[in-house]
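What follows is one structure encoded as structure tokens, with my remarks underneath.
Where a number appears in this text, it was derived from the coordinates with a stated rule and is not lab data. All figures in this text were calculated on a predicted structure; none of them were measured in a lab. Cβ sites come from the backbone with ideal geometry, for glycine too, and all protein chains shown count toward neighbours.
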Amino acid sequence: MSLLTLKNISRIYSSKFSSITVEAIKSISFDIERGEFVAIMGESGSGKSTLLNMIATLDRPTTGEILITNKNISNISDSSISKFRRENIGYIFQDFNLLDTLTVEENIELPLVLSDVNIKEISIRSKKVMKTLGILELREKYPYQISGGEQQRVAIARAMIINPKILLADEPTGALDSKSSSMVLNSLKGLNEAGQTVIMVTHSIVAASKANRVLFIKDGIIFNQLFRGSRSNEEFYELISDTLTVMNEKEELI
Ligand SMILES: Nc1ncnc2c1ncn2[C@@H]1O[C@H](COP(=O)(O)OP(=O)(O)O)[C@@H](O)[C@H]1O
Ligand SMILES: [Mg+2]
């Protein structure tokens, strides 16, 4: 059984104020198995965030079905969807989205504060996740006192504290320098090696080459997909880079 199934998903944005519609996702189907690390690549405007937001249950498809562990999330009512999201989905943003008035530890514990998990258990879980991400010594600091790479690792810890079924990341290294990016990518890779399912949207070939599968999106459809197989990061980097070249060359021919 797949962890995540998308069946003929489309997403059309329409406006109340004009007849213009945008078909951001056209008809996408794919499965993701538990424990996969999947990167999604494509030009700006190709529909990557739209796709990720639907998987995150932040947005609903116009047509098609999304199943998470065989549960059809399209059938979950608006009133129950945020509970489902809080309990199942971890989400990391490009710009971290930490609260500056809370310490690192408080930011990480926030998703559990409104849950029925007791305070002692919350504290145990946050220490554990901070240790895993190598940020335990930062726990009393505020977000503005630490680097971008450290802030993103705090955001990953905040996403991980709920033990999400799926960890989603939209351009997680987009705002970081190469050293911080590499720390964040190693954190995601480490979590995946410990069993976490990860789906990451990225522009970076270096980032994508850490994944085990890359989906290429172009104009709302899947243009291609690559599996790492037994390739090294360097070999996978070359293959991803060549695929992007082909995808962009076709653009120029049109
Ligand atoms: N809320 C929205 N309303 C209308 N159009 C949107 C909205 N969000 C995204 N779009 C459009 O949908 C397309 C895909 O956007 P997006 O998913 O953000 O792409 P990406 O993340 O790949 O850059 C773009 O043409 C974008 O302008
Ligand atoms: Mg985007």
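Brief remarks on what is shown
- Contacts under 7 angstrom Cβ, first residue in region 14-35 being touching a residue at least 60 places away in the same chain (Cβ under 8 Å), partner among the small types (Gly, Ala, Ser) and surrounded by fewer than 14 Cβ atoms within 10 Å (Cβ to Cβ), 6 or more apart: GLY35/GLY195
- Looking across region 77-122, just one residue is in contact with a Gly (Cβ under 9 Å, 6 or more places away or on another chain) and of a type in the set (Phe, Trp, Tyr), and that is PHE96.
- Selection count where residues are among the basic types (Lys, Arg) and over 12 Å from GLY64 (Cα atoms), scope region 1-34: 2
- Residue in region 126-145 that is within 29 Å of ILE240 (Cα to Cα), surrounded by 16 or more Cβ atoms within 10 Å (Cβ to Cβ) and free of Cβ contacts under 8 Å to residues at least 60 places away in the same chain present: yes
- For SER74, the stated conditions hold: it is among the small types (Gly, Ala, Ser) and either more than 16 Å from ligand 2 (Cβ to nearest atom) or free of Cβ contacts under 8 Å to residues at least 40 places away in the same chain (or both).
- Test: residue in region 56-64 that is in a strand (DSSP E or B) and either surrounded by fewer than 20 Cβ atoms within 10 Å (Cβ to Cβ) or not acidic (Asp, Glu) (or both): yes
- Matching option when the condition is within 16 Å of ligand 2 (Cβ to nearest atom), farther than 19 Å from ILE221 by Cα and either over 19 Å from the mean Cα position of the chain (by Cα) or β-branched (Val, Ile, Thr) (or both), among ILE40, ILE92, ILE122, ILE81: ILE92
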